[in-house]
Amino acid sequence: MKNTLLLLLVFISIPAFSQLHIGASTPVYVKNQVLYVTQNINLAASSNLYLRNNSQLLQGTTGTSTNTGTGILSVYQEGTSDNFEYNYWCSPVGNPTIATGNTSFGISLLNRPTSSTAVVPATALPLSNYNGTSNPLAIASYWIYKLTNANNYSQWVQVGNATTIAPGEGFTMKGTSGTDTTDPETTGVSNNPGSAQRYDFRGKPNDGNISVAVGSGNASTLTGNPYPSAIDLNAFLMDPTNSACTRIAYFWEQDKTTNSHYLSAYRGGYGTYSPGVLGSNGVYVAATFNSYKSDGTLNTTGTTSGLVIQRKYSPIGQGFVIKGNSNSTVTFKNSHRFFYKEGSPLSQFAKSSPDKTAVNKEEQEKEKEEEIIIIPHIKINTIINNQFTRQLALAFLPEATDGVDPGIDALNMDQTLPGDVSFWLDNGNYVIEGVNFELTKKIPLAAKAATNTTLKFYIPEVINFDPSQNIYIYDELDSSYHDIKTGTYEVTIEPGTYTDRFKIAFTNVTLGVNDETKKNLFISQDNSNKILTASNPNNMVFKSFALYDILGKAVITKNNLKEEQNYSFSTSGLSSGVYIAAFITADNEKITQKVIISNSGKQ
């Protein structure tokens, strides 16, 4: 059966069609509804299908798209109004052609709405102009880039105003300056109130299987939601046929207070989404350019927080980065599409859009009923030199192993920061890690510093996890535990990389070193003779000795210690201060003690 529409219609109930043909010069208007078409859509010449007020188009096609026609689908999305800030996009439409199938996109298909159906095409500014405007809508084509299978920054490809962005390819686009008070829907929401810029995407609706190339070795590809409907991001990432990617999505976040086009001045990074398991709400951690107070609120050095951005249902136009683990493709399918209104609890674009926050009470209650899987996890914040905060998430999943689990463990995308903290997993840096909870586990962290760096650890959030469970930072340097759930641990480290010093722990017990062993080794500092001595009356066997300064730098090391009753190490030439003496037994037990070295000669 084919349905032919010849009139201007306002759908007031949920419409569904086996096939949909819209006749020549015929407008169809869908308001606040889902339009479901089981098979293909034919848009005859000069026909128009308008999706308005959170309306979405879903199709049930399996395989490749058979949509045809030179008519257009029109759908809105809002991006930033800051002409210095990137959004990552993926178009829901392509160039309208009579041929069957999906087509490529370019910014010439973007428009400024002047009424609910009328538009003025956006102007693509020449490459020499870096700043877009809202009214008239002018887009700086210089900032239109795409990225496929890239391992370094130089592999971004400038697209400009060319219509060469393939279906499923993401693209970058900076926002606009100024305001546009036009209210095309007469709903009290303007095109650009100064906080968000509305774009009208017009073209042939994308449909069916859309494949995107990915590359081995964690190569990055910018992609996104390619449909005029929301997608269940978990369904896409966890699809068994999409094993060529790591099943993690990364979202660009940028500090709006930095008004510069120079790369060196950017303050931004990638928020990270891990689906965990198919039916869950996932786990999201913010980018690192912000700094947070101990109560989890922002310091004055940051203005935007990724903490509140929800990612499970990617709205229309949302772009994101995925990483590949083999040279192959991943495929978006109509089975991944989902009617979920943007502005609802689990769907946001880069920022919350002003006209997409009103969701009625009935819908909210329905969403609460459906959101039944909340992954237990804790957020771990580390304020680095009081400049920015690295946020990590430790998830507790019975499906997780001690190795890297696709769709659970998320690689760190921002590894060029001069100072950073991450999970240390399989010799790699991760910002989300999943574990099967055990009280005795210690979860390794990696810390790096280009200069003397202060780290301040604390827990801002505990989600769906035992509220009575203690959480500590274990510092291997002096075998100390520090409660970061109710307090903080602040420590300064010297330049270097530390992969075996800091760990997340759940119980304050030094495993393997009993009190009796500690009592049988006597460590002392003889400042008069500038010698550190250790008495070993029971002839315990030690493998090594190290003396660390307060920043964790080893200033004395000695391996292959013999079985002796007394050891002595010269401390001549060391600066006065507090040090940590550490002996390692043949059974890998560690015995540590603080010592004070003074050059004054006083003991």
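The values are calculated or read from the model by the stated rules, or taken from the named source; none is laboratory data. Just so it is clear, the model here is predicted, and its values are computed rather than measured. Neighbour counts run over all protein chains shown; Cβ positions are idealised from the backbone, glycine included. Accessible surface is based on the protein model in full, side chains and every heavy atom, while ligands, DNA and RNA are left aside. Shrake-Rupley method; radii C 1.70, N 1.55, O 1.52, S 1.80 Å.
The figures follow:
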{"read-out": "Convex hull of the stretch 112-247 built on C-alpha atoms - directionally averaged projected area, nm²", "value": "9.8"}
{"read-out": "Read-out semi-axes √(5λ) of the Cα gyration tensor in Å, derived from the coordinates shown; its label in [x] 70, 24, 21; [y] 57, 24, 20; [z] 52, 32, 18", "value": "[y]"}
{"read-out": "Summed side-chain charge close to Ile248 - residues other than Ile248 whose Cβ falls under 10 Å, Lys, Arg +1, Asp, Glu -1", "value": "+1"}
{"read-out": "Candidate residues Phe522, Phe338: accessible-area rank, largest first, probe 1.4 Å", "value": "Phe522, Phe338"}
{"read-out": "Mean Cβ count within 10 Å, highest first, over the residues of peptides 540-552, 388-400", "value": "388-400, 540-552"}
{"read-out": "The chain - percent relative contact order, Cα under 8 Å, separation 6 or more", "value": "10"}
{"read-out": "Around Asp207: net Lys/Arg minus Asp/Glu count, Cβ-Cβ under 14 Å", "value": "+3"}
{"read-out": "Amide H partners (placed H, <5 Å) of Ser177, local residues excluded", "value": "Asn83, Gly132, Thr133, Ser134"}
{"read-out": "Order by protection proxy (mean Cβ within 10 Å, highest first), peptides 198-209, 494-505", "value": "198-209, 494-505"}
{"read-out": "Accessible solvent surface per residue of the chain, calculated while the other protein chains remain in place, 1.4 angstrom probe, Å²", "value": "40"}
{"read-out": "Dipole of the chain, positive direction: furthest Cα of Asn32, Thr100, Val404, with charges on the beta-carbon", "value": "Thr100"}
{"read-out": "Surface share of carbon and sulfur [accessible, 1.4 angstrom probe, percent] for the chain", "value": "50"}
{"read-out": "The stretch 102-162: C-alpha gyration tensor shape, a/c 1.5 cut-off, then a/b vs b/c", "value": "oblate"}
{"read-out": "Difference of contour (0.36 nm per residue) and Cα-Cα distance, Thr38 to Lys553", "value": "178.8 nm"}
{"read-out": "Principal-axis tilt of helix 361-370 within the chain, Cα atoms, nearest 10 degrees", "value": "50"}
{"read-out": "Nearest-20 debye value, the chain charge dipole, Cβ charges on Lys, Arg, Asp, Glu", "value": "920"}
{"read-out": "Long-range amide H partners of Val119 with built H, under 5 Å", "value": "Thr114"}
{"read-out": "Inter-site label distance for His261 and Ser116 at 7 Å from Cα along Cβ, in nm", "value": "3.9"}
{"read-out": "³J(HN,Hα), Karplus 6.51/-1.76/1.60, whole Hz, each residue of the stretch 163-173, x for Gly, Pro", "value": "8, 10, 8, 5, x, x, 7, x, 8, 8, 7"}
{"read-out": "Gain upon complete extension [Ala162, Lys590; 0.36 nm per residue less C-alpha separation]", "value": "147.8 nm"}
